[in-house]
Amino acid sequence: MSELSDNAKKVIEDHLGRYPSKQAVTLPALHVVQQETGCVSRKAIKEIADMLELSPAQINDTLSFYGFFRTEEDPLGKKRVWICRSLPCMLRGGEELLAELCERWGILPGQTTADGKVTLELAECLGACDGAPCMLVDDELSLCVTADDVEKMVRG
Amino acid sequence: MSNEDFKPVLLSRQGKPNSHKLASYKADGGYQALAKALSMKNTEVIDVVKASGLRGRGGAGFPTGLKWTFLPKDVTGPIYLCINGDESEPGTFNNRVLIEQDPHQVLEGIVISSFATRTTTAYFYLRYEYGRCYRVLKDAIDEMYDNHLLGKNILGSGYDLDIHLHRGACAYICGEETGLIESLEGKRAWPRIKPPFPAIEGAFRRPTVVNNVETMACIPHIINKGAEWFMTMGVPKDPNNPRDAGSYGPKLYCISGHVNKPGLVELPMGITARELIDKHAGGVWKGRKAKAVVPGGISMGFMSEKELDTPLDFAGPGRVGCLGLGTAAVIVIDDHTSMVDVLYNACRFFAHESCGQCTPCREGTAWSTKILERIRQGHGKLSDIDVLLEISSSIGTIPGTTICGLADGAAWPMKTAINKFRAEFEEYIKSGRKSESKTLAGAH
């Protein structure tokens, strides 16, 4: 059975016409697979490579460069929460917020809660320094957040 | 033009209902500049942009019109325009606000710039974290296709253009123009050795221009109102310095850190940091004083309190030992904050974001972070200070040891923090105290 969903295959095929090289579809392909399955499995890497006429090593080379993508040994929880720790957020309590969430949830940045609901990540500048400390849930920014806000939003 | 008479240009439509919709943009005169540009020759458009003195807003401040003229004249086959929306420099958020609130202003600039550079395919590289921007842009681009503003025969002119959105994957280095190109091509974002410059051999080995989002937002206004109008704002060229290209036009200043009102302010180039903080950001918070201020994203280094009357134009920050204006992202640090903690934070950022390609950068950023961590644990040695200074003068494109400028960005916070606050570092090390700031040293 195919590891890539019909939707993922369609997204990849739709992107092929946008670039003069098939390799350029690597990031869009990795994004759609991770969005659907919470990771990019070895089988998915092989199938993406086949669609883009590349070797799996080339896909893995790109995948492993960006800390963003997860392998099947280390999949994401249902929600992915990024807490910013760069200077503007650090000056307004970003580091303390991250430490507080680690303590409350009993995990370190990069890990997922035991119930599989939340993966906590540390982020470098999220581009919302006017609302420090800020966080990103999946790909939506929230400004001026407290640990209670985060709990409410992601574990409700 | 004085700052008091100034009316926002790029932010003029902020806060209007449906400011992100095509109908609202058109009601305010949107896409008239495009119609005007399409009635001109592409070289005439370049000449207007060149004459305006517009310099790139992404950090390096390279003259935009001049960059366009570097494309080979007699080229056959595609030319690409890449829009750098990978805004990741700590303190910087103007692209986010511009895109979320007024995407068509940016997109109109892209179509005009594509026409000027004879591009028929433009790639908008957007950092992944800007999910809302992505959705806003996607809708705006759909509206454009439905209204003959993109696709074949734009506004009946015979000119064709497609814009494709391309999402990044959370890597700062993709903001470096050749790192962006490598990432767009589906590879690790390792910056390329230049030459060849992108204008000769860029994306997909074709002639390519990479421009910043705020730069694009300036273009429709320059076409509408002319180069002379643009030059009424900002700081003119220094007649005694033939290499100074001036600092013309409006600029978006991002203010963050220890101020009462962090936010985005648009002003003519050249306002001082002090005026920006006191008049436009409600002053330093909690009645405190500023100890240090970052003039344009942490890569630029620090200004001391005494240097706050420096004008924030392209030339100003350099006169007080900073790297430049950068992204004009002003980060204010109050006098209760330890510069050791601040510098540690900056060094850790660059260690995390170094792509690892050049040894001086990979090792220099990692070891400087480790040394500062040791100082923060109370185990620093006075000789560490000079080791940090030595690292800072050995990494980067200025000493000539790296391919791209990331390491220069790592070096300048070190140089300026230590040169301007050396006594504080010495006192901290001699006291043997530990940092009170919470950080998760073990993470990543």
Along the charge dipole of chain B, which of B:Ala33, B:Asn419, B:Ala351 sits closest to the positive end, that is, farthest toward it, with unit charges on the beta carbon of Lys, Arg, Asp and Glu (+1, +1, -1, -1)? B:Ala351
Tilt relative to chain B, helix B:339-353 - C-alpha long axis, 0 to 90 degrees, to 10: 50
Cross-link list B:Lys36/B:Lys73; B:Lys261/B:Lys415; B:Lys73/B:Lys237: which exceed 25 angstrom alpha carbon to alpha carbon? B:Lys261/B:Lys415; B:Lys73/B:Lys237
Of all DSSP beta bridges with both partners in the protein assembly as shown, the antiparallel percent, nearest 5, is 50
Cα gyration tensor category, rounded, prolate or oblate, for region B:22-233 with a/c compared to 1.5: rounded
When the helix-only estimate is applied to the protein assembly as shown (DSSP H runs of n ≥ 4, each -39,500 (n - 2.57), divided by the residue count), what is the mean residue ellipticity at 222 nm, nearest 500 deg cm²/dmol? -12000 deg cm²/dmol
For A:Lys79, residues with placed amide H under 5 Å, excluding near neighbours: A:Val118, A:Thr119
Among residues other than A:Gly131 whose Cβ falls under 14 Å from its Cβ, what is the net charge (Lys/Arg +1, Asp/Glu -1)? -1
Rounded to 5, percent antiparallel among DSSP beta bridges of chain B: 45
Relative contact order computed over chain A (Cα-Cα under 8 Å; 6+ residues apart), in percent: 18
Helix B:131-146 sits at what angle to the longest principal axis of chain B, using alpha carbons and giving 0 to 90 degrees rounded to 10? 10
Please arrange B:Thr120, B:Thr232 by counting, for each residue, the other beta carbons lying within 10 Å of its beta carbon, fewest first. B:Thr232, B:Thr120
Relative to the longest principal axis of the C-alpha atoms of chain B, give the angle of the C-alpha long axis of helix B:103-116, reported between 0 and 90° and rounded to the nearest 10°. 70
Go ahead and set up a Gaussian network model of chain B, Cα springs under 10 Å, then flag whichever of B:Ile173, B:Ile298, B:Ile375 fluctuates most. B:Ile375
Cut-off 15 Å between beta-carbons: net charge of the residues surrounding B:Lys291, Lys and Arg +1, Asp and Glu -1: 0
Among B:Gly91, B:Gly296, B:Gly400, which one shows the highest mean-square fluctuation when chain B is modelled as a Gaussian network with alpha-carbon springs under 10 Å? B:Gly400
Ranked by Cβ crowding within 10 angstrom, fewest neighbours first, how are B:Phe124, B:Phe197 ordered? B:Phe197, B:Phe124
Among A:Lys117/B:Lys286; A:Lys9/B:Lys187; A:Lys79/B:Lys286; A:Lys9/B:Lys194, which pairs are too far apart, with a Cα-Cα distance over 28 Å? A:Lys117/B:Lys286; A:Lys79/B:Lys286; A:Lys9/B:Lys194
Express the Stokes-Einstein translational diffusion coefficient of chain A in µm² s⁻¹, to the nearest whole number, given a Kirkwood radius over alpha-carbon pairs, 37 °C and a viscosity of 0.692 mPa s. 196
Quick check: from the Cα gyration tensor, does region A:6-65 come out rounded (a/c under 1.5), prolate or oblate? oblate
Unit charges on C-beta of K, R, D, E only; dipole of the protein assembly as shown, Debye: 480
When you look at the Cβ of every residue in B:293-299, what mean number of other chain Cβ atoms sits within 10 Å? 1
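Below 15 angstrom from the Cβ of B:Asn42, what's the summed charge of the other residues (Lys, Arg +1; Asp, Glu -1)? Present the calculation step by step, with values, prior to reporting the outcome.
Working: positive: B:Lys36, B:Lys41, B:Lys50, B:Lys67, B:Lys73, B:Arg118; negative: B:Glu44, B:Asp47, B:Asp74, B:Asp160.
Summing Lys and Arg as +1 and Asp and Glu as -1 gives +2.
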If you line up the Cα atoms of chain B on their principal axes, what length do they span on each, largest first, in Å? 73, 47, 45
Connecting every pair of Cα atoms under 10 Å apart in chain B and solving the GNM, the largest mean-square fluctuation among B:Ile219, B:Ile112, B:Ile429 falls on B:Ile429
Sorted by Cβ density within 10 Å, fewest first, the residues B:Phe302, B:Phe62, B:Phe350: B:Phe62, B:Phe350, B:Phe302
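Every number in this text was worked out from the coordinates using simple rules, so none of it is lab data. Quick caveat, the model's predicted, so the values are computed rather than measured. Quick reminder, even Gly has a Cβ in these numbers, built from the backbone with ideal geometry, and neighbours come from all protein chains shown.
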